[in-house]
Each structure stands twice: as C-alpha cells, then as structure tokens.
Amino acid sequence: MHERRFSGDITRLRSAERVERLEVERVIQLCLGGVSILSILDVGTGSGLFAEKFSAHNLETTGIDANFEMLPVARSYVPLGSFLQAIAEALPFSKGSFDLTFYGLVLHEADDPLKVLQDARRVSLKRVCILEWPYREQPFGPPLADRLSPASLEELFHQASFTRWECIRLKNTDLYRLNI
C-alpha cells in the first residue's frame, strides 16, 4: 500500500524551480476564488508548501501526510497549523470539518482514488480542489502511465457524487475545482 507516495529528498519539494513550476500563489488564489473559505485541509501536505500559502491568507490550516517524516518540516513552515499522519483514503475528521479540501499532486499517487474523492466530499463543506499533472508527457513529474486522464477523472468525480466541477489549465498542471 502507498507504494507511489513521495519518498525522495524533502528539500526538493521547496526548490525555487518547483515552486515556480507549480504556480503556488496562483493555485491558492484559484482555490479560494468565488467562495468564502475559513478552514482548509491540505491532503498530502509534504513539506507544507501549499499549507504555508493557505495559512498566509489567515485560514485555519490542517495538513495530513502518510509520510511521518514530512510533518515536522511542514510544522516548521506553518507553526499555527495542525499536522498529523494519515492517509487520503481514510481522513480522520468528521463530516463537514473543512470549507476546502486541497490535494496538491496527490490523487495520482492514491491506492484508491475513488475512496479519496468520497472522503474529500465527506469532510468538505464547500469545495474540493485537486492539482494534478496533465495527461501528457512532460520532462518532469510522473510518467504518463501514472497520470490520470481527464476521462478517468470525470468518471471518478461522477462516482464520488460530484455534479459540478471545472478544470483550469495552468502552465504545467491542471487544477480541478469541485463544488459541493
């Protein structure tokens, strides 16, 4: 289980090149746009890169990661955040615990993407945002075989009972905004 999760150099997650490639601040703005958000859950928080930016917008920020080694790093960047070890398929929170649940390049690594989306819908009050690699070859990111096609994502969204979503194409990634 969880064989595809990140296990490399944690500092690489915060390299200037990666931050620029991921358009972190733009992603945050797009996640927050058009809806009032007070609390977020950052699933697969890693080093806390996105959690840090959400927290900078005065949001109550919680992060989870399957890799225990990531949590102290995330805490060092988001001292007011709450971080715990958990997996995306079994979020340890009650229904409607967060306004927004965010997945930054995580869904393609999940053992059971449908269960991930069902649990995201359960804990989210307003929106779920999923940043993923586009379904095309790129000189970075996972191989095409590990990426999720738009058709497979749409099928997963339907199966998880999401009825409204949009895909925003960024320079190197795609952001899916799913409204509850």
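The values are calculated or read from the model by the stated rules, or taken from the named source; none is laboratory data. Being a predicted model, the structure only gives us computed values, none of them experimental. Cβ coordinates were reconstructed from backbone atoms using ideal geometry, including for glycine residues, and neighbour counts include every protein chain displayed.
Kindly provide the set of residues from the range 37-57 that are in contact (Cβ under 8 Å) with a residue 60 or more places away in the chain and of a type in the set (S, T, N, Q), ordered by number.
Hit for the range 37-57 is 39, nothing else.
What pairs come out if I take residues in the range 22-36 that are loosely packed, with under 14 Cβ neighbours inside 10 Å and pair them with residues that are in a helix (DSSP H, G or I) and not hydroxyl-bearing (Ser, Thr, Tyr) whose C-beta lies under 7 Å away, six or more apart or interchain?
Final answer for the pair search is 25/53.
Could you pull out the residue among 166, 137, 155 that is part of a strand (DSSP E or B) and surrounded by fewer than 19 Cβ atoms within 10 Å (Cβ to Cβ)?
Going through 166, 137, 155 in turn, just one is part of a strand (DSSP E or B) and surrounded by fewer than 19 Cβ atoms within 10 Å (Cβ to Cβ): 166.
Just to be sure, is residue 130 buried (at least 17 other Cβ atoms within 10 Å of the Cβ) and assigned to a strand (DSSP E or B)?
For residue 130, the condition - buried (at least 17 other Cβ atoms within 10 Å of the Cβ) and assigned to a strand (DSSP E or B) - is met.
So residue 76 passes all but one of these: (1) among the polar types (S, T, N, Q); (2) surrounded by 16 or more Cβ atoms within 10 Å (Cβ to Cβ); (3) more than 14 Å from residue 38 (Cβ to Cβ). Which condition number does it fail?
(2)
Could you pull out the residue among 80, 117, 59, 41 that is out of contact with any strand residue (DSSP E or B) (no Cβ under 6 Å at 6 or more places or on another chain), within 21 Å of residue 175 (Cβ to Cβ) and of a type in the set (A, V, I, L, M)?
Matching residue, one of 80, 117, 59, 41: 117.
If the requirement is being in contact with a Gly (Cβ under 8 Å, 6 or more places away or on another chain), of a type outside the set (Lys, Arg) and under 22 Å from residue 32 (Cα atoms), which of these qualifies: 124, 161?
After applying the criteria, what remains is 124.
Give the residue, chosen from 43, 106, 78, that is of a type in the set (Val, Ile, Thr) and touching a Phe, Trp or Tyr at 6+ places or on another chain (Cβ under 6 Å).
That would be 43, the only listed residue that is of a type in the set (Val, Ile, Thr) and touching a Phe, Trp or Tyr at 6+ places or on another chain (Cβ under 6 Å).
Counting residues that are among the β-branched types (Val, Ile, Thr), which strands (runs of 3 or more DSSP E) fully inside the range 22-98 reach at least 2?
39-43, 60-65
Considering only residues that are free of Cβ contacts under 8 Å to residues at least 60 places away in the same chain, over 18 Å from residue 89 (Cβ atoms) and in contact with an Asp or Glu (Cβ under 6 Å, 6 or more places away or on another chain), which ones fall in the range 130-180?
Passing the criteria: 134, 144, 167, 174.
How about the range 65-101: which of its residues are polar (S, T, N, Q) and at pLDDT 95 or above?
Correct list: 76, 82, 85, 94, 97, 101.
Regarding the range 106-124, can at least one residue be identified that is exposed (fewer than 15 other Cβ atoms within 10 Å of the Cβ) and part of a strand (DSSP E or B)?
Within the range 106-124, none of the residues are exposed (fewer than 15 other Cβ atoms within 10 Å of the Cβ) and part of a strand (DSSP E or B).
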